[in-house]
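> Take this structure, written in structure tokens, and hold onto it; I'll ask about it next.
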Amino acid sequence: DAGVTQSPTHLIKTRGQQVTLRCSPKSGHDTVSWYQQALGQGPQFIFQYYEEEERQRGNFPDRFSGHQFPNYSSELNVNALLLGDSALYLCASSLGQLNQPQHFGDGTRLSIL
Amino acid sequence: GESVGLHLPTLSVQEGDNSIINCAYSNSASDYFIWYKQESGKGPQFIIDIRSNMDKRQGQRVTVLLNKTVKHLSLQIAATQPGDSAVYFCAENNAQGAQKLVFGQGTRLTINP
């Protein structure tokens, strides 16, 4: 039973560029959430997708956008990259009902030069 | 605002001893809590969850206690093993009809041989 998979594992970009990160949820899960984790900090919620729509959003600017596909996989897009966007980006999947555990992938380490 | 914090940033215990990791939360409306374990280079791994209508839940070698009166959560790990060394996060889910997890900064648990 495959868990949550993310790609790529590492990525290096320069300021001003755009990036797309990808996530495949755990088998049977229909909800995908994205988190940003700075070094030494806990993950911070970016947004959540359910039924191909953004259901909830955290305190992140519009430069952060996402998409969910009919097969429940998801993408996170970040435009106009800033140095402060350097972080580990985590994807978590869950069932759509409330209060279901979210299961995380191992993340994409994004470095901005 | 919402916040989840931890009393101790680091905890060191002897192998075979029990460990207790504490967590305070501020949103009294939160109705679901999860403990995660994160090893270096990996994403958070689900350990155990508890809903607000419970005050205790047990898993394999782990117990979570919830005290809603003082908004406190703890994770007890019995008979610690070297593989328990990791950063532990508590996370709360707000009760606003969403699955937005709010994480604390984490506690680093080190198991001494």
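> Given the protein chains as shown and a 1.4 Å probe, how many square angstrom of A:Arg22 are accessible, to the nearest 10?
Result for A:Arg22: roughly 110 Å² accessible.
> Assign unit charges at the C-beta atoms only (+1 for Lys and Arg, -1 for Asp and Glu), then state the dipole size of region A:30-113 relative to its Cα centre in Debye, rounded to the nearest 20.
Computed charge dipole of region A:30-113: roughly 280 debye.
> Modelled label-to-label distance, B:Ile20 and A:Leu11, 7 Å Cα→beta-carbon offset: nm?
The answer from the label model is 4.4 nm.
> Once Lys and Arg get +1 and Asp and Glu get -1 on their Cβ, which of B:Phe89, B:Gln45, A:His103 lies farthest toward the positive end of the dipole of the protein assembly as shown?
B:Phe89
> Antiparallel as a % of all DSSP beta bridges within chain A, to the nearest 5?
Details: 35 of 39 bridges.
Counting only bridges with both partners in chain A, antiparallel ones make up about 90 percent.
> While we're on this one: Relative to the compact globular guide of 2.2 N^0.38 Å, what is the alpha carbon radius of gyration of the protein assembly as shown, as a ratio?
That ratio works out to 1.01.
> I would also like to ask the following. As a test of the definition: which semi-axes, in Å, follow for chain B when you take the square root of five times each eigenvalue of its alpha carbon gyration tensor? Largest first, please.
Result for chain B: semi-axes of 24, 14, 12 Å.
> State to the nearest 20 debye the size of the charge dipole of region B:46-98 about its Cα centre, where the only charges are +1 on K and R beta carbons and -1 on D and E beta carbons.
The calculation lands at about 160 debye.
> Is there a quick way to get the dipole size of region B:22-69? I mean about its Cα centre, with the Cβ of Lys and Arg at +1 and of Asp and Glu at -1; what is the value in debye to the nearest 20?
Approximately 120 debye in magnitude.
> In what order, largest first, do B:Thr107, B:Thr10 sit by accessible area if the probe radius is 1.4 Å?
Ranked list, largest accessible area first: B:Thr10, B:Thr107.
> As a test question: what accessible area, to the nearest 10 Å², does A:Val4 have when a 1.4 Å probe is rolled over all protein chains in place?
My reading of the accessible area for A:Val4 is about 20 Å².
> Would you tell me the accessible area of B:Phe46, worked out with a 1.4 angstrom probe on the heavy atoms of the protein chains, in Å² to the nearest 10?
60 Å²
> A further question on this structure: Taking only protein heavy atoms and a 1.4 Å probe, what accessible area per residue, in Å², does chain A have with all protein chains in place?
Accessible area per residue, chain A: 48 Å².
> I've got another one for you. Report, for chain B, the % of DSSP beta bridges that are antiparallel, rounded to 5. Please report the intermediate quantities before stating the final value.
Numbers: 36 of 41 bridges.
Roughly 90 percent of the DSSP beta bridges within chain B come out antiparallel.
The values are calculated or read from the model by the stated rules, or taken from the named source; none is laboratory data. All figures in this text were calculated on a predicted structure; none of them were measured in a lab. Glycine also receives a Cβ, built like all others from the backbone with ideal geometry; neighbour counts cover every protein chain displayed. We work out accessible area using only protein heavy atoms, side chains counted, and drop any ligands, DNA or RNA first. Shrake-Rupley method; radii C 1.70, N 1.55, O 1.52, S 1.80 Å.
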